[in-house]
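Q: Below: one structure in structure tokens.
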Amino acid sequence: MSRQILGPFNRVEGDLEVSLESEAGRVTAAWVNSPMYRGFEQILVGKAPSDALVMVPRICGICSVSQSVAAAAALADASGARMPPNGERAVNLMLATENLADHLTHFYLFFMPDFAREAYAGQPWFDDIAARFKAVRGAATAEALAARARFFRIMGLLAGKWPHTLSIHAGGSARAVGPTERVRLLSMVREFRAWLERHLFGDRLEAVTAIDSLEALWAWADTAGPAASDLGRFLQLCRALDLGALGQAPGVPRYLSHGNYPVDGVPGFARGVWDADAAAVTPFDAADVAEDIAHAWLAGSATARHPLEGQTHPDADKADAYSWCKAPRWRGHTVQCGALSRQVVDGHPLARDLVMQGGGNVMSRVIGRLLEIARVVPLMEQWLRALAPGEPFHVPTTLPDEACGTGLVEAARGALGHWLVVRRGRIHNYQIIAPTTWNFSPRDASGVPGALEQALVDTPVGAGDTMPVAVQHVVRSFDPCMVCTVH
């Protein structure tokens, strides 16, 4: 048996280390370390509650809108505020723009370049993949970045700037949209659709979302347009490298989604926890969440606590700890989250068939993101057509001096929750559980590993390989954002 420490990982936001035990060329156990402590939860204590809208977006430079939406939702919950329909749709558009841009960036810049590494030189598909996806020099890099930049003009019109927009509030969006701007926004979404259909999918988005099984996906991938697309290239790699068998976490059959994109208070993607063993969705209640700090460098109670009662006090010398990340659990269980989980909970037949046949794995997590792109762009078109210029985008809100609030949203990487306690008009406690906190959690007090720790087991590692490419595929399939993990 051998043990090695891998890190830092490139193309990951923040710091990440992974310790592996392996035997006979396979990982037998993994420990995931988030080695950077930040302390946003201490910074917020004592501040005015509205200050959270300025501070929490700065947790992260790539998912700051998600943090804004979660903070606004916590303030709305504490104050009883309800966004007007225009506000809901405007906030949905901002969140969707950020989430889809993240998915595009992950696929083209973070994930696919690993298949253009020299470790794969000599494979029959290598030259084509390298020409398309090699880091910096691949043809897809410039194309995807240009498409992303044009798509992000939506954020300029709706929010004024990105990242760290200040236009999202408990009562809606501070930036109203006029009739001419609505037409411009719709043209931007349609331009993005055209790029996706030409390059990423090789087919209409509606044809992609109509794929209802793994068998149908393979059949679709063999038709002329999709076969020449970037998704077609990825599916070719899935077949060649058996990516559907890599990065499974058999001990984590539960998939969490907070639900997303509400209109008239009803989420566009459903909220719940899908249990693959029972093949059923359980309603999600935030009361069922608790954070365990048994193996985190944090002081406090050995008993797992609900976030409203949570504490975040550093203890760098704590025995048996190996990460700054807490271990969030749902009803005591490890869960995984992300685009795949959203689509599974929402009941998309392809996502559910992927999970039922192979669980969460490298292939299914990536397909979950691309499926979500195909589903959300038409929703953006619907929200824009439904905007009513001249009607309110925001309503005034008043927060009581004593209140609690919970803000749940789906960031690109999965379930994001903010928990707020206000006492005497000031923030008394503020706790955050980010998607990578769920996915990259350490072991809990019962010794149960987090989702990535379980997914890494059985991954092939070569003797003397200081950064096994298969390990990188598994890690990046979760698209980690480590600065959000530890906040």
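The values are calculated or read from the model by the stated rules, or taken from the named source; none is laboratory data. Given the structure is predicted, the values throughout are model-derived calculations rather than measurements. Note that we place each Cβ from the backbone using ideal geometry, even for glycine, and neighbour counts take in every protein chain shown.
Q: When both residues are 6+ apart or on different chains and their Cβ atoms are under 9 Å apart, which pairs have a first residue that lies in region 371-388 and is farther than 16 Å from residue 158 by Cβ and at pLDDT 95 or above, and a second that is part of a helix (DSSP H, G or I) and of a type in the set (Ser, Thr, Tyr)?
A: So the pair list comes out as 371/209; 374/209; 375/209; 378/209.
Q: Is it fair to say residue 78 is aliphatic (A, V, I, L, M), touching a residue at least 40 places away in the same chain (Cβ under 8 Å), buried (at least 20 other Cβ atoms within 10 Å of the Cβ) and in contact with a Pro (Cβ under 9 Å, 6 or more places away or on another chain)?
A: Considered against the rule, which asks whether it is aliphatic (A, V, I, L, M), touching a residue at least 40 places away in the same chain (Cβ under 8 Å), buried (at least 20 other Cβ atoms within 10 Å of the Cβ) and in contact with a Pro (Cβ under 9 Å, 6 or more places away or on another chain), residue 78 comes out as yes.
Q: Which members of region 2-19 meet the condition of being of a type in the set (A, V, I, L, M, F, W, C) and over 13 Å from residue 464 (Cα atoms)?
A: 9, 12, 16, 18
Q: Looking only at strands (runs of 3 or more DSSP E) that fall completely inside region 264-307, which ones have 2 or more residues that are over 20 Å from residue 449 (Cα atoms) and either in contact with a Phe, Trp or Tyr (Cβ under 7 Å, 6 or more places away or on another chain) or of a type in the set (A, V, I, L, M) (or both)?
A: 266-269, 280-282
Q: Does residue 396 meet the test of being touching a residue at least 24 places away in the same chain (Cβ under 8 Å) and either under 30 Å from residue 3 (Cα atoms) or not in a loop (DSSP other than H, G, I, E, B) (or both)?
A: It is false that residue 396 is touching a residue at least 24 places away in the same chain (Cβ under 8 Å) and either under 30 Å from residue 3 (Cα atoms) or not in a loop (DSSP other than H, G, I, E, B) (or both).
Q: Considering only residues of region 313-350 that are hydrophobic (A, V, I, L, M, F, W, C) and part of a helix (DSSP H, G or I), which is surrounded by the fewest Cβ atoms within 10 Å (Cβ to Cβ)?
A: Once the filter is applied, the top-ranked residue is 350.
Q: Still on this structure, please answer the following. Just need a number here: residues in region 19-52 that are of a type in the set (A, V, I, L, M) and within 19 Å of residue 456 (Cα to Cα).
A: Going through region 19-52 one residue at a time, the tally reaches 6.
Q: Answer with yes or no whether residue 167 is surrounded by 21 or more Cβ atoms within 10 Å (Cβ to Cβ), in contact with a Lys or Arg (Cβ under 6 Å, 6 or more places away or on another chain) and not basic (Lys, Arg).
A: yes
Results for (1) part of a strand (DSSP E or B); (2) out of contact with any Leu (no Cβ under 8 Å at 6 or more places or on another chain), shown as yes or no for each residue.
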position	(1), (2)
371	no, no
384	no, no
407	yes, no
410	yes, no
429	yes, no
443	no, yes
449	no, yes
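Q: Separate question: Restricting to region 351-373, name every residue that is surrounded by fewer than 24 Cβ atoms within 10 Å (Cβ to Cβ), more than 14 Å from the chain's Cα centre (by Cα) and not acidic (Asp, Glu).
A: 352, 355, 356, 357, 358, 359 - these are the residues of region 351-373 that are surrounded by fewer than 24 Cβ atoms within 10 Å (Cβ to Cβ), more than 14 Å from the chain's Cα centre (by Cα) and not acidic (Asp, Glu).
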